[in-house]
Structure formats: structure tokens, C-alpha cells
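J.: Provided herewith is a single structure, encoded as C-alpha cells, for subsequent inquiry.
The values are calculated or read from the model by the stated rules, or taken from the named source; none is laboratory data. Just so it is clear, the structure is predicted and the values come from calculations on it, not from any experiment. A quick note on method: Cβ atoms are made from the backbone with ideal geometry, for glycine too, and the neighbour counts reach across all protein chains shown.
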Amino acid sequence: QVQLVESGGGLVQAGGSLRLSCAASGRTFSAYSMGWFRQAPGKEREFVAAIKWSDSNTYYADSVKGRFTISRDDAKNTVYLQMNSLKPEDTGVYYCAAATRRTVLDGTRYDYWGQGTQVTVSS
């Protein structure tokens, strides 16, 4: 069994920063990519950022480009999402996910998901 545990969410004012962490544990698996998704109240889950494991190429939603950075620490089995210049529209539950299949953007093809961490940005 694979566990993904997110942390680092919270309440922040617009313009502030947060760093989310996603720690992987349990059964060893070969990830094709790891990503962050978010879901705002009343909205569908959306892609935020992903990192492809083989070459560490990164991918971002247009809405977060230039503000968010995804990174990895192999020694800690952890993926991070550094979020700067936060806006109220960034509010939502942020989920970490891991894909063993060939995908980066498509959340339906991710195999493992964390429980989510709440991010609230006040105006």
C-alpha cells in the first residue's frame, strides 16, 4: 500500500507564501510523475503542477505559472509545492498524487492520492 501525506496548508493573506509537502511511504513503486491538484468549493478538481520522475521536467497550469514551483527530494521521498504571491482564487483543498502510468496532466490517470490539505487565501 502506498501512502501520500500532504502537509503545509493553512490560512494566508493575499500576496503571501506557503510550502506544501507530500511525503510518500509504504510499498515501493515506480512513479512516472507526481502532481498537485486542487479543488475549490463548488468546482471540479484541477491540475496545478507536476514533475516527471525520469527527467524532473516540470509542468504548470497557466494560472500558477511564475508563482508556484514544484520540486522533489528523493532522499526524503517528498515532493514540494512552493506557492508565492498567493491570490484568493488559489483557495481550495490541495491534493498530492502519484502516477505509475504515462501521464502528467490527467488526474484520472493518477493512481495514488493523498487526503488533501486546505489552503485558504484571504483578500
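J.: Identify, please: which residue in segment 66-123 is touching a Leu at 6+ places or on another chain (Cβ under 8 Å) and aromatic (Phe, Trp, Tyr) and is, among those, nearest to GLN1 (Cα to Cα)?
T.: TYR112
J.: Given the options TYR32, TYR60, name the one that is modelled with pLDDT of 95 or more and on the phi < 0 side of the Ramachandran plot.
T.: Just a single option satisfies the conditions, and that option is TYR60.
J.: For segment 12-19, check the following and say yes or no: at least one residue is assigned to a strand (DSSP E or B), free of Cβ contacts under 8 Å to residues at least 60 places away in the same chain and surrounded by fewer than 20 Cβ atoms within 10 Å (Cβ to Cβ).
T.: No.
J.: Next up: Between a first residue in segment 89-110 that is assigned to a helix (DSSP H, G or I) and modelled with pLDDT under 95 and a second residue that is of a type in the set (S, T, N, Q) and surrounded by fewer than 19 Cβ atoms within 10 Å (Cβ to Cβ), which pairs have beta carbons less than 9 Å apart while being 6 or more apart in sequence or on different chains?
T.: ARG109/THR103
J.: If you don't mind, another one. Hey, among SER63, SER54, which residue is polar (S, T, N, Q) and free of Cβ contacts under 8 Å to residues at least 24 places away in the same chain?
T.: Unique residue meeting the criteria: SER54.
J.: Right, here's the next one. Looking at (1) within 19 Å of PRO88 (Cβ to Cβ); (2) without any contact (Cβ under 8 Å) to a residue 40 or more places away in the chain; (3) not hydroxyl-bearing (Ser, Thr, Tyr), find the lone condition where PRO41 falls short.
T.: Failing condition for PRO41: (2).
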